[in-house]
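Shown next, in structure tokens, is the structure this report addresses.
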Amino acid sequence: MQPTRIGNFEVARIADYEGPFFAPGEFFPDFDPAVIEEHAALLGPRLIEPGTGKLIFSFHSFVVKTGRHTILIDACIGNDKERPTRPQFHRMKSSFIDDLARVGVKPEDIDFVMCTHLHWDHVGWNTKLADGKWVPTFPKARYVMARREYDHWLGVHDSGVDTPHARAFGDSILPVVKTGQALLVGDDYALDDGLWFEAYPGHTPGNVVIHAKSGGERGVFIGDVLHHPLQCLRPEWSTMACTDPDGSRVSRTRLVQEHADDGTLILPAHFPAPTAGWIRPHGVAYRFDFRE
């Protein structure tokens, strides 16, 4: 994604990884291959890998410069994290920090890290490994997360279950709580720069989207309410990663209906470059038009 604007806000995308991920039949329990056949021209090799048929995903963060604050939205995968059940990302080494520098941002420049939810692939860069310990990557930042989401994953972590999400809570959430940098807020939290939370539960219990408004323009950072443009064509398709598939379906349907053709720039957490775009009506459903 080329740097873009929402009114006076500057927005850049910093990716840890982009490429083929799951086969759609693995990722969407209700997958119907006829949908890809019917919409092959609309999807194309940008979104579906030729040959394997795997979904093309991006794992990225957004940097928002408001003129007053520099904000990181979702902290992606992170380096050196123990993720043995996700071998693609186990002890990963990416150029994330160098890529931040290319858009003029150093770790100490980040004022807020805002979390749509607390899955392992959205919180990894909250912390970095230093002398064998996990410490905050962004030393001056407040890490803003919905209290409902935090309480859910605290319970999962404390249960002793070993999953990527539980590991991530231990290595990427608790260290910023320990330093006093975590800011646990309500689902309607608003930052006075023109950014605010709205609850969209289902993918996770405390999942939120982050609205942005500046200079008469609007955008919404939707996290994982939509994982892939296929879900615009079939909003009823929840994923194997959704805590509550029925609730996720309700939230996703609400989002596409509310923002179809309303001018709001949609910024998803996993759509490949150029990532940002608009939801449009398409037959009896919707499509995603990328901002080129």
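For region 238-268, how many residues meet the condition of being open to solvent by less than 10 Å² (accessible area, probe 1.4 Å) and touching a helix residue (DSSP H, G or I) at 6+ places or on another chain (Cβ under 8 Å)?
Number of matching residues: 5.
Give the residues of region 101-119 that are open to solvent by less than 10 Å² (accessible area, probe 1.4 Å) and either within 17 Å of the chain's Cα centre (by Cα) or small (G, A, S) (or both), sorted by residue number.
V113, M114, C115, T116, H117, L118, H119 - these are the residues of region 101-119 that are open to solvent by less than 10 Å² (accessible area, probe 1.4 Å) and either within 17 Å of the chain's Cα centre (by Cα) or small (G, A, S) (or both).
Here are some residues: P205, P175. Which one is of a type outside the set (D, E, K, R), at pLDDT 95 or above, open to solvent by 10 Å² or more (accessible area, probe 1.4 Å) and touching a helix residue (DSSP H, G or I) at 6+ places or on another chain (Cβ under 6 Å)?
P205
Please work out which residue is farthest from H69 (Cα to Cα), limiting yourself to region 157-203 and to residues that are of a type in the set (D, E) and over 19 Å from the mean Cα position of the chain (by Cα).
Top of the filtered list is D162.
Looking at region 16-37, is at least one residue in contact with a Ser or Thr (Cβ under 9 Å, 6 or more places away or on another chain), modelled with pLDDT of 95 or more, crowded, with 20+ Cβ neighbours inside 10 Å and within 30 Å of L191 (Cβ to Cβ)?
yes
Report the residue count in region 19-61 for those that are in contact (Cβ under 8 Å) with a residue 40 or more places away in the chain, within 21 Å of the chain's Cα centre (by Cα) and more than 22 Å from C242 (Cβ to Cβ).
1
Go through (1) touching a strand residue (DSSP E or B) at 6+ places or on another chain (Cβ under 6 Å); (2) open to solvent by 10 Å² or more (accessible area, probe 1.4 Å); (3) closer than 24 Å to A15 by Cβ and name the single condition R147 misses.
Every condition holds for R147 apart from (3).
Of the residues G186, G223, which single one is out of contact with any Cys (no Cβ under 7 Å at 6 or more places or on another chain) and on the phi > 0 side of the Ramachandran plot?
G223
Quick one: what pairs do we get from region 203-228, first residue under 25 Å from H152 (Cα atoms) and of a type in the set (G, A, S), second open to solvent by 10 Å² or more (accessible area, probe 1.4 Å) and not in a strand (DSSP E or B), C-beta under 8 Å, 6+ apart or different chains?
G206/R147; G206/R148; G206/Y150; G206/D151; G206/H152; G206/D187
With respect to F169, determine if the residue is closer than 30 Å to E49 by Cβ, among the hydrophobic types (A, V, I, L, M, F, W, C) and buried (at least 20 other Cβ atoms within 10 Å of the Cβ).
no
What number of residues within region 50-66 are closer than 30 Å to P3 by Cβ and open to solvent by less than 50 Å² (accessible area, probe 1.4 Å)?
Summing the residues that are closer than 30 Å to P3 by Cβ and open to solvent by less than 50 Å² (accessible area, probe 1.4 Å) in region 50-66 gives 11.
Are any of the residues in region 82-97 at pLDDT 95 or above, in contact with a strand residue (DSSP E or B) (Cβ under 8 Å, 6 or more places away or on another chain) and open to solvent by 60 Å² or more (accessible area, probe 1.4 Å)?
Checked region 82-97: no residue is at pLDDT 95 or above, in contact with a strand residue (DSSP E or B) (Cβ under 8 Å, 6 or more places away or on another chain) and open to solvent by 60 Å² or more (accessible area, probe 1.4 Å).
What's the total number of residues in region 38-49 that are surrounded by 12 or more Cβ atoms within 10 Å (Cβ to Cβ), of a type outside the set (A, V, I, L, M, F, W, C) and within 21 Å of V284 (Cα to Cα)?
Qualifying residue count, region 38-49: 2.
Going by what's in this entry, would P3 be described as without any contact (Cβ under 8 Å) to a residue 24 or more places away in the chain and open to solvent by 10 Å² or more (accessible area, probe 1.4 Å)?
On the way: without any contact (Cβ under 8 Å) to a residue 24 or more places away in the chain: no; open to solvent by 10 Å² or more (accessible area, probe 1.4 Å): yes.
Criteria not met by P3.
The values are calculated or read from the model by the stated rules, or taken from the named source; none is laboratory data. Please read all numbers here as calculations on a predicted model, not as lab measurements. Note: ideal-geometry Cβ built from the backbone for every residue, glycine included; neighbour counts use all protein chains shown. These accessible areas exclude ligands, DNA and RNA; they are computed on the full protein's heavy atoms, side chains included. Shrake-Rupley method; radii C 1.70, N 1.55, O 1.52, S 1.80 Å.
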